[in-house]
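Right, one structure below, let's go through it.
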Amino acid sequence: AKQMGRNNYQFYTNTLNKEKTLLFELENSLYNSLENKELFLTYQPQLNLKTNTLEGVEVLLRWQHPVLGVVSPSKFIPLAEETGLIISIGEWVLEMACEEGTRWLDLGYPPIMIAVNVSGKQFQQDNFADKVKEILIKTQFNPEYLEIEITESILMQDSEKTETIIKELSGLGVKFSLDDFGTGYSSLSYLKKFPFNFIKIDKSFVTDLVTNFQDQALVSAIITLAKGYNMKVVAEGVEVETQKKILKNFRCDLIQGWLVSEPLIREDFMDFMASYQQK
Ligand code: C2E
Ligand code: CA
Ligand code: CA
Ligand code: CA
């Protein structure tokens, strides 16, 4: 079960036609995925580099397709965006994550940040902030521990609306995280304009960190920049000890990646939390 995160279904790429048919079938079955309870959440720990403690978790969606097996979100999230299904799927993810967070606290686990990915379409719907509030009330989850991950593309779309949503939810204690930092149409003005609590350095800058001095310079600069704005930095895709060492030297706050753990199903993540408490 621990392998779930990595064993993703790969598309056949033989012919374009085949792929088109497949996409069509995928779209059809995606419509029923929620009802058929084929979607499930996985949890990837985020480690504090200074204290070596578990500080947060990113919730990553999976689709257990009856025929295709586990389908990667990078395959079906774009499809869900196109069809508008992302709104109901995204709400389901948010509610399940908060429900799970409350359950962990009830079971006596120490509180950790729970980070949930929110897509553009979901974020830009008219009543997104109200939906989040509803879910927080329904699940009794403490807003201080909810972290919403959004990407730069959202900030470009309707920045006034985005600002309003971030400010409204921040007022309740909800945290915001700027995902995939550096990969999109990054504008440094976003850091000034939007009160993010976290910046996530994309794994493309972490992959060659050990050998690529330019990447080192970039990562180090992002960390310095973020600190200037009082934002915490999370490095994604940390796979080896040497990457961790460099990130620690750069005073990166948190790491996430296979070095710590792959995304885990809930039972395995609870085991992970329990083993971390004993350390
Ligand atoms: P992301 O938010 O950038 O998530 C990080 C991705 O990196 C995840 O892929 C994770 O499994 C993978 N990863 C983690 N550690 C490592 C590592 O050490 N090495 C490598 N090579 N990869 C690592 P995943 O789970 O396949 O998710 C892909 C994308 O799908 C996510 O990218 C996110 O944009 C999107 N996604 C996932 N869950 C949701 C969701 O609930 N809602 C929305 N809207 N998007 C989601
Ligand atoms: Ca993310
Ligand atoms: Ca990311
Ligand atoms: Ca990404």
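The values are calculated or read from the model by the stated rules, or taken from the named source; none is laboratory data. Just so you know, these numbers come straight off a predicted model, no measurement behind them. Here the Cβ positions follow ideal geometry from the backbone for every residue, glycine too, while neighbour counts run over all protein chains shown. Quick note on the areas: whole protein, heavy atoms, side chains included, nothing else; ligands and nucleic acids left out. Shrake-Rupley method; radii C 1.70, N 1.55, O 1.52, S 1.80 Å.
Checked against (1) touching a Ser or Thr at 6+ places or on another chain (Cβ under 6 Å); (2) under 21 Å from residue 55 (Cβ atoms); (3) within 16 Å of ligand 2 (Cβ to nearest atom), residue 250 passes all but a single condition, namely (3). Looking across the range 76-87, the residues that are modelled with pLDDT under 95, away from ligand 2 (no atom under 16 Å from the Cβ) and assigned to a helix (DSSP H, G or I) come down to 79, 82, 83.
Of the helices (runs of 4 or more DSSP H) contained entirely in the range 115-173, those carrying at least 1 residues that are in contact with a strand residue (DSSP E or B) (Cβ under 9 Å, 6 or more places away or on another chain) and within 16 Å of ligand 4 (Cβ to nearest atom) fall at 120-124, 152-157. Among the residues that make up the range 174-182, is at least one of them open to solvent by less than 30 Å² (accessible area, probe 1.4 Å), within 16 Å of ligand 3 (Cβ to nearest atom) and among the aromatic types (Phe, Trp, Tyr)? Yes, some residue in the range 174-182 is open to solvent by less than 30 Å² (accessible area, probe 1.4 Å), within 16 Å of ligand 3 (Cβ to nearest atom) and among the aromatic types (Phe, Trp, Tyr).
Only one of the listed residues (237, 228) is within 20 Å of the chain's Cα centre (by Cα) and open to solvent by 10 Å² or more (accessible area, probe 1.4 Å). That residue is 237.
A quick yes/no check of all residues on (1) of a type outside the set (Gly, Ala, Ser); (2) in contact (Cβ under 8 Å) with a residue 24 or more places away in the chain; (3) in a helix (DSSP H, G or I):
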| position | (1), (2), (3) |
| --- | --- |
| 219 | yes, yes, yes |
| 226 | no, yes, yes |
| 230 | yes, no, no |
| 234 | yes, yes, no |
| 237 | no, yes, no |
| 242 | yes, yes, yes |
| 259 | yes, no, no |
| 267 | yes, yes, yes |
| 273 | yes, yes, yes |
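Looking across the range 13-68 at every residue that is β-branched (Val, Ile, Thr) and over 20 Å from the mean Cα position of the chain (by Cα), the one that is modelled with the lowest pLDDT is identified as 13.
Residues satisfying the criterion are present in the range 191-210 (criterion: open to solvent by less than 10 Å² (accessible area, probe 1.4 Å), in contact with a Ser or Thr (Cβ under 9 Å, 6 or more places away or on another chain) and farther than 26 Å from residue 118 by Cβ). Can you work out which of the residues in the range 150-192 that are free of Cβ contacts under 8 Å to residues at least 60 places away in the same chain and acidic (Asp, Glu) is farthest from ligand 2 (Cβ to nearest atom)? That would be 160. Could you check the range 193-217 and list, in sequence order, the residues that are in contact (Cβ under 8 Å) with a residue 40 or more places away in the chain and within 16 Å of ligand 4 (Cβ to nearest atom)? Passing the criteria: 198, 200, 201, 203, 206. Of the numbered criteria (1) in contact with a Ser or Thr (Cβ under 9 Å, 6 or more places away or on another chain); (2) assigned to a strand (DSSP E or B), the one residue 55 fails is (1). Here the range 97-118 is the region considered, the condition is being under 14 Å from the mean Cα position of the chain (by Cα) and open to solvent by 20 Å² or more (accessible area, probe 1.4 Å), and the residue that is farthest from ligand 2 (Cβ to nearest atom) is 113.
I'd like the full set of residues that are surrounded by fewer than 18 Cβ atoms within 10 Å (Cβ to Cβ) and not aliphatic (A, V, I, L, M), limited to the range 240-261. Within the range 240-261, 241, 242, 245, 248, 249, 251, 258 meet the criteria.
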